[in-house]
Every structure is written in structure tokens, then in C-alpha cells.
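The next block holds one structure in the form of C-alpha cells; read it before the comments.
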Amino acid sequence: MDPAGNAFTDLRWVDLLFLGEAAIRTIQISAVSIFVGTVIGVILGWMLASGNIFVRLLVNSLLDVFRSVPLIIQLILFDSFVSIAGFPMPAFWSGTIVLSVYTAALVAMVARAGIEAVDPNLRRAARSLGMGYWQDMRYIVWPVGIRAVFPSWIGVSLSVLKDSALVSAIGYLELLRASQILNTKTQESFKIMLLVGLFYFLMSYPISKAGDYIEKKWQQ
Amino acid sequence: MDYQFLWRPVFKALPELVDAALLTMEVSIISMIIGLSIGLLLSFGRRSKHFVPRTLSTIWVELARNTPVLFQIFFFYWGLGEFGIFLSSYVAVVTALSFNTAGYMAETFRGGFNAISNTQMQASRSLGMSFLQTQRYIIIPQVLRVVYYPMTNQFIWVILMSSLGMLAGLRELTGETMYFNSRTFRTFEFFAVTAVIYYIIAKLVMIAARLLGWKIFKGGKI
């Protein structure tokens with residue numbers, strides 16, 4: 001408490017550093033989740049596009065759950081479940097696991113669309129030229145499909161980056177939670193919220209514009 | 001695992017949870033209506049020839065799409081306090097969700113209008129229809145067909161996003177669950193039941209939207 005009897009402190013440069021560190025943690029948890037979620041999601045998407053009816057039905061209804069229940073409830077449920085099961089883990093890991101599964105559920109739809117975007121005749125041509133199934137996948141489906149759905153994948157990644165803010169609800173100190181702490185400390189909520197909005201905007205906007213640029217370039 | 005699952009408190013609280021689910025629907029429907037209306041205006045603004053409406057709507061759309069919705073809720077709930085503006089949690093959540101929906105729907109509408117070639121407008125004008133008649137009978141029905149599916153998706157998103165109202169103190173479905181959780185400490189049981197309720201709501205909305213779309217578009221592909 002300062003001599004004037006004011007319990008709150010002013011916004012200082014140190015606080016900006018605090019926000020910066022929190023922004024880095026936001027990027028960390030998003031990057032890990034997007035990476036893991038994309039790998040799992042592509043595999044699931046391949047199962048959705050190529051599996052038999054039972055596989056498709058099973059995977060689809062499973063992923064549907066993750067898309068129909070709010071992320072914050074998934075986070076709280078998982079967090080409380082690991083404590084019940086006797087494996088309490090740091091908020092970073094439970095957050096990463098939930099975000100990765102959530103990402104995978106979204107990426108699976110993108111990956112399926114990508115595989116289905118490839119003209120079947122093109123694939124038949126590849127196979128009749130003597131390519132094996134995986135060669136067809138690697139040299140025909142992958143390059144053609146990725147062009148079709150890369151913009152959607154960017155969209156999914158950006159929404160995961162933004163949704164990582166919800167991990168604050170289970171106690172991970174990322175950008176949004178850092179802003180709440182500063183709010184309580186300084187009571188200068190408007191400035192802090194503007195600053196945090198700017199941080200998020202600077203992370204998200206360049207990626208979305210780069211995605212648009214690549215999309216346009218590939219369409220030529 | 002020596003945890004005892006206790007479901008009785010959850011079932012005793014079920015009537016309150018269903019009431020809270022109704023509040024969730026109320027918040028979502030109001031936000032969706034406001035968001036759709038503003039989104040339509042923004043999509044016109046983005047295609048405007050004039051600098052001011054074009055810039056303002058572009059800023060709105062980019063801000064809404066490039067910041068987390070939880071941030072937007074916090075902004076309207078706490079961020080305005082410095083100016084002595086204190087929105088209730090209900091108003092703050094509805095404002096934030098409408099702001100967000102408007103941004104996303106503006107882009108969807110823009111895509112919908114772009115999908116309709118300009119020559120249709122010229123053709124119907126030369127047949128003697130007025131501008132508004134053309135919009136009403138030619139353009140809007142086609143745009144509606146294009147944006148209908150993204151629109152229902154967005155509505156389900158709004159329902160899911162409204163769960164963040166909990167963190168701004170709104171007692172919608174998730175907030176109510178948190179309230180019971182803090183009285184009983186049956187976190188897993190309560191949130192598991194709430195997850196099921198959300199799933200049912202999402203499915204019901206989707207089925208209703210499909211049926212409605214089927215009826216509106218006369219069995220055509222949505």
C-alpha cells in the first residue's frame with residue numbers, strides 16, 4: 001500500500017512485460033495443441049474419408065460430441081476427471097490435451113474435405129499408372145487436397161489460438177488471465193483490455209491475412 | 001480410484017438446470033437476431049463505395065474475428081468500468097455475442113451476395129422491378145439459400161459460446177452448473193450432465209434447422 005493509502009498500483013512498464021510473457025504462454029499452448037491436434041485430426045479425417053461405414057459412423061459420432069459441447073465444459077470435465085482418477089496434472093497439460101482433441105475434431109472435418117476434394121478419376125489414373133495406395137496418397141491426394149483445404153486449416157488454427165483463452169478457466173496463466181490479474185491490481189481495466197485485445201489481434205490478424213494471400217496465390 | 005460418484009444432487013438440481021438452459025437459449029436467440037441484423041448491415045457497409053462505412057465495418061469485422069470471444073465478453077463486462085459504464089452480465093454477454101456474430105455473419109453474407117451475379121440485378125431492373133423488389137424476390141432468396149447452412153452453424157456456435165457467460169457471472173446453463181458445483185463440490189457429475197444437456201440442445205437445434213431448411217427450400221439441397 002502506498003503512503004496515500006491506495007491499495008492499487010498504477011499500470012507500469014513491468015506489467016507490459018508480464019503481459020508479454022503471458023502472450024508467449026498463449027502461443028506455446030496453442031502451437032503444441034495445433035500441432036498434435038492436426039496430426040491426430042488428419043488421421044481421423046483419413047478414416048472418415050476412406051473407412052468403411054462402421055468406422056465412419058463411430059469416428060463421426062465421437063467427434064460430434066467434441067463439437068457439440070462447449071470447450072469450457074470439456075476443460076472443466078477433463079480437469080476434474082484427472083483429479084478423480086488420481087493423475088492430477090498441471091493446467092498446461094490438461095489444457096493442451098483438451099485443446100488438442102478439440103483441434104483434432106475440427107481438423108478431421110477439414111482433412112476429410114481435403115481428401116474428398118480430389119477427383120476420383122485422378123486417383124484412378126494414378127493407380128492405373130502403377131502407384132500403390134500410399135504413393136497415391138502421398139503424391140496425388142496430399143498435394144491436391146492441401147491446396148483445397150489449407151485456408152480452412154488456417155481458420156481452425158486461428159480459432160484454436162483464440163479458444164486457448166478458455167484454458168484460463170482451469171488456472172493456466174495465459175494472456176487473458178494475466179489481464180484479469182492486472183485488472184484487479186491496477187483497476188485500469190479499459191487500457192489493459194485494449195492492450196490485450198491488441199496482443200490477440202497482432203497474433204491472429206497477420207496469420208489470417210497470410211492465409212488469404214496464399215489462398216489467392218494458389219488459385220492462380 | 002476411491003472417488004464415490006454421487007449423482008443424486010445433480011438430479012435434484014435438474015429443474016434449475018433446465019431453467020438455466022432456457023436462459024441459455026434466450027441469450028443465444030437474442031444475440032443471434034441482433035448479430036444477424038448488424039451482420040447484414042456490415043456486409044452492405046463492406047461493399048459500400050464510401051470510405052467511412054467501409055472502414056468502420058471492416059474494423060468491426062476484423063476485431064470481431066481476430067480476438068477471442070471470451071476477451072470480448074470480458075471487455076464489455078469489465079473493460080468499460082473505467083468510464084463508469086457497468087453493464088450487467090446479461091447485457092455484457094448479449095452485447096459481446098452479438099458483436100462477435102455480426103462480424104462472422106458479415107463475411108458469410110458477403111460471400112452469399114458475391115455468389116449472385118450482378119447481371120441478375122440488371123436483368124430484373126430492365127424487366128421493370130424496383131431495386132427493393134429485386135432484392136426481395138430475386139437476390140435475398142438466393143442469398144438465404146447460400147448462407148442458411150453457415151447460419152445454423154453459427155447459431156450452434158453462439159449457444160456453445162454463451163457458456164462463457166459463466167465467467168462473467170451470468171447464471172445460464174454453465175453458470176448455474178458452476179453455482180451448484182460450488183455448493184456441492186460434485187464437479188464431475190454436474191458438468192457431465194451439463195455436457196449432455198448441451199449435446200441434446202445442439203442436436204435438437206440442428207435437426208430443427210434441417211427440417212426448416214427442407215421446408216423453406218422445398219426439398220432442395222441446403
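Some notes on this structure:
- With respect to the stated conditions, A:T9 is surrounded by fewer than 17 Cβ atoms within 10 Å (Cβ to Cβ), in contact with a helix residue (DSSP H, G or I) (Cβ under 7 Å, 6 or more places away or on another chain) and of a type outside the set (A, V, I, L, M).
- Restricting A:L198, A:L182, A:L175 to those that are in contact with a Lys or Arg (Cβ under 8 Å, 6 or more places away or on another chain), on the phi < 0 side of the Ramachandran plot and of a type in the set (A, V, I, L, M, F, W, C) reduces the list to A:L175.
- Residue among B:G165, B:G169 that alone is more than 7 Å from every other protein chain (Cβ to nearest Cβ), on the phi > 0 side of the Ramachandran plot, touching a residue at least 60 places away in the same chain (Cβ under 8 Å) and not acidic (D, E): B:G169
- Residue ID - nearest to A:D79 (Cα to Cα), chosen from residues in the stretch B:157-211 that are among the charged types (D, E, K, R) and in a loop (DSSP other than H, G, I, E, B): B:R186
- Residue check for B:F11: part of a helix (DSSP H, G or I) and either within 13 Å of another protein chain (Cβ to nearest Cβ) or among the hydrophobic types (A, V, I, L, M, F, W, C) (or both): yes
- Scanning the stretch B:55-68 for residues that are under 19 Å from B:S163 (Cβ atoms) and either facing chain A (nearest Cβ under 7 Å) or without any contact (Cβ under 8 Å) to a residue 24 or more places away in the chain (or both), we see that the one that is nearest to the chain's Cα centre (by Cα) is B:P68.
- Lone qualifier among A:S94, A:S80, A:S30, A:S100 - being surrounded by 14 or more Cβ atoms within 10 Å (Cβ to Cβ), touching a Leu at 6+ places or on another chain (Cβ under 6 Å) and in a helix (DSSP H, G or I): A:S30
- Residues of the stretch A:204-213 that turn out to be in contact (Cβ under 8 Å) with a residue 60 or more places away in the chain and exposed (fewer than 14 other Cβ atoms within 10 Å of the Cβ), as a count: 1
- Verdict on A:V149 being closer than 26 Å to A:V107 by Cα, away from chain B (no Cβ under 13 Å) and either modelled with pLDDT under 90 or crowded, with 22+ Cβ neighbours inside 10 Å (or both): yes
- Count of residues meeting criterion [of a type in the set (D, E) and either assigned to a helix (DSSP H, G or I) or within 7 Å of another protein chain (Cβ to nearest Cβ) (or both)] in the stretch A:168-211: 1
- Within the stretch A:182-203, considering residues that are within 24 Å of the chain's Cα centre (by Cα) and crowded, with 16+ Cβ neighbours inside 10 Å, the one farthest from B:A168 (Cα to Cα): A:M203
- Residue match in the stretch B:142-155 (condition: among the hydrophobic types (A, V, I, L, M, F, W, C) and under 26 Å from B:L87 (Cβ atoms)): yes
- All conditions in (1) surrounded by 15 or more Cβ atoms within 10 Å (Cβ to Cβ); (2) among the aliphatic types (A, V, I, L, M); (3) part of a helix (DSSP H, G or I) hold for A:V39, with the sole exception of (1).
- Condition met for B:Y148 (part of a helix (DSSP H, G or I), surrounded by 14 or more Cβ atoms within 10 Å (Cβ to Cβ) and of a type in the set (S, T, Y)): yes
- Residue list for the stretch B:111-136, restricted to those being touching a helix residue (DSSP H, G or I) at 6+ places or on another chain (Cβ under 8 Å), under 22 Å from B:L212 (Cβ atoms) and loosely packed, with under 13 Cβ neighbours inside 10 Å: B:A115
The values are calculated or read from the model by the stated rules, or taken from the named source; none is laboratory data. As the structure is a computational prediction, the values presented were derived from the model and not from experiment. For neighbour counting, all protein chains shown are included, and Cβ atoms are generated from backbone atoms with ideal geometry for every residue, glycine included.
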